[in-house]
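The values are calculated or read from the model by the stated rules, or taken from the named source; none is laboratory data. Predicted, not measured: the structure shown is a model, and the values here were computed from it. Glycine also receives a Cβ, built like all others from the backbone with ideal geometry; neighbour counts cover every protein chain displayed.
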């Protein structure tokens, strides 16, 4: 089976016709792969394996073909769970959450002070209505009851505008507030607006990250550079 896809090596998503990922800003890579049907049974599995084993980086050229998978390799029954790092450069569990006042998608304001006495999930994502960010947002939506039973409220944060947030919420029936951090001041305060490097390209962007703020304003959990898929389920498990 021969496959060729344009894929983001960071977000693991396809963006045909794009040279740069609209979600994270990474340079897209075209992979031309010869793969046995006994090893890879779908394009989705192909994409997951391609990025998991960093094929794009190893080929070093967009038009270079390679044989995949390696001889003797068989597709695993379940994907290996990706561990989330705790590498925020300025914050760690036990620190006081940085103070903020920000605008919500309904144009009202929210502040750290207004959240005092409540347990809050503050999660940062790169861009509205992109594949990884949509997956993560819908996972939070689908787990709001479980999180609510734990006494946890959810707030999403991205640099998108109020209007963008409103469209995103309507399209995907999101039932939790989104913060419009258009000047990236909140992202900077929480250490998630950072320099990124992919395939020799350096740029600034949002590092997908989640913070759990306790009732006293202390950071209970700091998860940095998380993978969108499966993140919410892992977060619920750690909160439980």
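Here are the numbers:
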{"quantity": "Matching residues in the stretch 107-135 - criterion: being modelled with pLDDT of 95 or more and assigned to a helix (DSSP H, G or I)", "calculated": "113, 114, 115"}
{"quantity": "Any hit, the stretch 222-235, residues being assigned to a helix (DSSP H, G or I) and either closer than 24 Å to residue 28 by Cα or not assigned by TED's automatic domain parsing to the domain that holds residue 124 (or both)", "calculated": "yes"}
{"quantity": "Residue list for the stretch 169-199, filter: in a strand (DSSP E or B) and in contact (Cβ under 8 Å) with a residue 40 or more places away in the chain", "calculated": "178, 179, 180, 194, 196, 198"}
{"quantity": "Lone unmet requirement of (1) crowded, with 16+ Cβ neighbours inside 10 Å; (2) in contact (Cβ under 8 Å) with a residue 40 or more places away in the chain for residue 156", "calculated": "(2)"}
{"quantity": "Output for the stretch 205-221, where each listed residue is assigned to a strand (DSSP E or B) and buried (at least 17 other Cβ atoms within 10 Å of the Cβ)", "calculated": "205, 206, 209, 210, 211, 212, 213, 219, 220"}
{"quantity": "Some residue of the stretch 159-178 being within 14 Å of residue 211 (Cβ to Cβ) and buried (at least 18 other Cβ atoms within 10 Å of the Cβ)", "calculated": "no"}
{"quantity": "Selection status of residue 202, modelled with pLDDT under 95, assigned by TED's automatic domain parsing to the domain that holds residue 118 and not in a helix (DSSP H, G or I)", "calculated": "yes"}
{"quantity": "Cross-chain or 6+ apart pairs with Cβ under 6 Å, the stretch 124-152 first and assigned by TED's automatic domain parsing to the domain that holds residue 226 and without any contact (Cβ under 8 Å) to a residue 60 or more places away in the chain, then surrounded by fewer than 20 Cβ atoms within 10 Å (Cβ to Cβ) and part of a helix (DSSP H, G or I)", "calculated": "128/164; 138/172"}
